[in-house]
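Please read the structure below before turning to the comments.
The values are calculated or read from the model by the stated rules, or taken from the named source; none is laboratory data. This is a predicted model, so every value here is computed, not measured. Note that each Cβ is placed from the backbone with ideal geometry, even for glycine, and that neighbours are counted across all protein chains shown. Accessible surface areas use protein heavy atoms only, side chains included; no ligands, DNA or RNA. Shrake-Rupley method; radii C 1.70, N 1.55, O 1.52, S 1.80 Å.
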Amino acid sequence: MKEISFIRQNIEKWKSLEKIVDEAAIHNPGELADAYTEITTDLSFSRAHYSKSRITTYLNNLASALHNQLYKNKKEKYSRIITFWTQEIPDVMYHSRRELLYSFLVFIISAAIGVVSAMNDDSFVRLILGNGYVDMTLDNIENGDPMGVYGASSELPMFIRIVFNNIGVSFKVFVMGIFTGFGAGFILFYNGVMIGAFQAFFFQHHVGFESVLAIWLHGTFEISAIIIAGAAGFALGNGWLFPGTYSRGYAFKQGAKRGLKIIIGLIPVFITAGFIESYLTRHTEYPAFVRLSIILLSLICVIYYYIILPQLKHNETNIKN
């Protein structure tokens, strides 16, 4: 690549990195680290191809300035626990908004397929959920306790099992992103079909409303988290499939870093979902209004934190700049 082409291709990015150095106080350590990684990548390329050029000197000075700001902010390692949740997660979700949309669409379409398939083929639910689970649920419905499965074990063991299972599912969706979007999409598709068939099964047996009150009491957080984990998987896959102007290895590392942040940020969501499922869902005697209120509040929390807040934070950053 000619030097002039290299400069033209990256000059706007370097200008934005200069702003980060000048306004380091308003950026969290994670953003400074990302900026430092980007500039050192360009510096390495410049040293290899234009070692005696003024642009190499410029990039070296910019990298040094970022390095100083980064290690100056190392003192803030304890405050990062706060900024991780208040700044880094909203930032990474803003930059993953397209992947989140794709994940949502895959899940919704697959859930619709699950509903239609269950409604038109009685054997489909058994194929997806297994004969043992279906027979147990049918017995519960016949005994007047369709949601009896949620009270089948004591709260604490159930809580621990559910939380670890859900975290495991989220990591599986993320790691499957190595096989591009098809890997993450497959896990999303399977879970979507299963949820759709599961929900349709209860409506077929005339306990649909009660199932909605029970399933989505914890499912609002749980299913939302799986969809968001799907975005992490797509971010990982897109990192090396569509590297843009970066090297494939660097883009893959950035996608992996972005996806991993999303997964870590989901842990409190899975803990909350596990707590609700273990301690609250079993209480089907609670008034419908109370359970609907919890479902609505959960949905508002997810939409605000993962969709609205990232946009607000992005707009706020643009105004400051």
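Report, in deg cm²/dmol and to the nearest 500, the calculated mean residue ellipticity at 222 nm for the chain, where each DSSP H run with n ≥ 4 adds -39500 (n - 2.57) and the sum is divided by the residue count. Don't skip to the answer; put the middle values down first.
Values: 14 runs with 255 residues, N = 321.
Only helices count here, giving -27000 deg cm²/dmol.
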Heavy-atom accessible area per residue - the chain, 1.4 Å, Å²: 52 Å²
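Could you sort out which of Lys2/Lys313; Lys13/Lys172; Lys15/Lys52; Lys13/Lys253; Lys13/Lys257; Lys19/Lys313 sit more than 26 Å apart by Cα distance in this structure?
Numbers: Lys2/Lys313 38 Å; Lys13/Lys172 34 Å; Lys15/Lys52 21 Å; Lys13/Lys253 19 Å; Lys13/Lys257 20 Å; Lys19/Lys313 17 Å.
Pairs exceeding the cut-off: Lys2/Lys313; Lys13/Lys172.
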If I fit a long axis through the Cα atoms of helix 288-303 and take the longest principal axis of the Cα atoms of the chain, what angle between them do I get, 0 to 90°, rounded to 10? 20 degrees
Can you give the FRET efficiency to the nearest 0.05 for Val116 and Gln311, using r as the Cβ-Cβ distance and R₀ = 45 Å? 0.85
Most fluctuating of Gly237, Gly249, Gly185 in the GNM of the chain (C-alpha, under 10 Å) is Gly249
May I ask for the angle, rounded to the nearest 10°, between helix 131-142 and the longest principal axis of the chain, with both axes built from Cα atoms and the value confined to 0 to 90°? 50 degrees
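In whole percent, and with a 1.4 Å probe on the protein chains, what portion of the accessible area of the chain is carbon and sulfur?
Details: 10940 of 16830 Å².
Answer for the chain: carbon and sulfur cover 65 percent of the accessible area.
Beta carbons within 10 angstrom, averaged per residue: use that to sort the peptides 286-294, 207-215, 89-97, highest first.
Working: 286-294: 13.4, 207-215: 18.3, 89-97: 20.6.
The densest-packed peptide leads the list: 89-97, 207-215, 286-294.
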